[in-house]
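Presented below is the structure to which this report refers.
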Amino acid sequence: MRRAFALSLLVVCPTALAACGTTTSTAGFKGTEHDVAQTIANLQSDITSGEQKKVCENDLAAAVVTRLGGQKRCESAVKDQVAEIDNTELEVRSVKVSGATASASVKSTYQGKKQLRNVSLAKEGGKWKIASIQ
């Protein structure tokens, strides 16, 4: 379960060396929708920079970190999966907000195929955090 979630998380997040200059655009979103899109952009940036600690502390919901086995295991799972990621691009296509939860449709390329994934987010301590990826 831990490894499966980490893999699904990283399928959405481009991290290969060729993607270092790539950023997720949040320009098309305003207000709370922009904040949600920015969370996904921050996740991409932290993974691209090799900042596993930031991913687990700042980008993922507490329940996700717990499911991955706590802070240190979360960092380890993220690090292990980053090593397996191909060069992909990330695009936040749409964002829907409902109170303290949100969902975003995110387009990425994995193994040469473009895919849309649904990213669920939850507001924790005033910040949006990734709760799940389907």
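The values are calculated or read from the model by the stated rules, or taken from the named source; none is laboratory data. The model shown is predicted, which means the values in this text are computed figures rather than measured ones. Please note: Cβ atoms are built from the backbone with ideal geometry, for glycine as well, and neighbour counts cover all protein chains shown.
Do you know which of the residues in the stretch 55-96 that are surrounded by 14 or more Cβ atoms within 10 Å (Cβ to Cβ), among the β-branched types (Val, Ile, Thr) and part of a helix (DSSP H, G or I) is modelled with the lowest pLDDT?
Val82
Assess whether Gln52 counts as being crowded, with 18+ Cβ neighbours inside 10 Å and either of a type in the set (Val, Ile, Thr) or at pLDDT 85 or above (or both).
Details: crowded, with 18+ Cβ neighbours inside 10 Å: yes; either of a type in the set (Val, Ile, Thr) or at pLDDT 85 or above (or both): yes.
Yes; evaluated as a whole, the condition is true for this residue.
Could you run through the stretch 115-134 and say how many residues are of a type outside the set (Lys, Arg), within 16 Å of His34 (Cα to Cα) and surrounded by 19 or more Cβ atoms within 10 Å (Cβ to Cβ)? Full working, then the answer.
Quick first cut of the stretch 115-134, residues of a type outside the set (Lys, Arg) only: 115-116, 118-122, 124-126, 128, 130-134.
Narrowing further to those that are within 16 Å of His34 (Cα to Cα): 119-122, 126, 128, 130.
After this cut, where a residue has to be surrounded by 19 or more Cβ atoms within 10 Å (Cβ to Cβ) as well, the list is 119, 121, 128, 130.
Count: 4.
Out of the stretch 42-81, which residues are closer than 17 Å to Val119 by Cβ and among the acidic types (Asp, Glu)?
If the condition is that a residue be closer than 17 Å to Val119 by Cβ and among the acidic types (Asp, Glu), then Asp46, Asp59 are the ones that fit.
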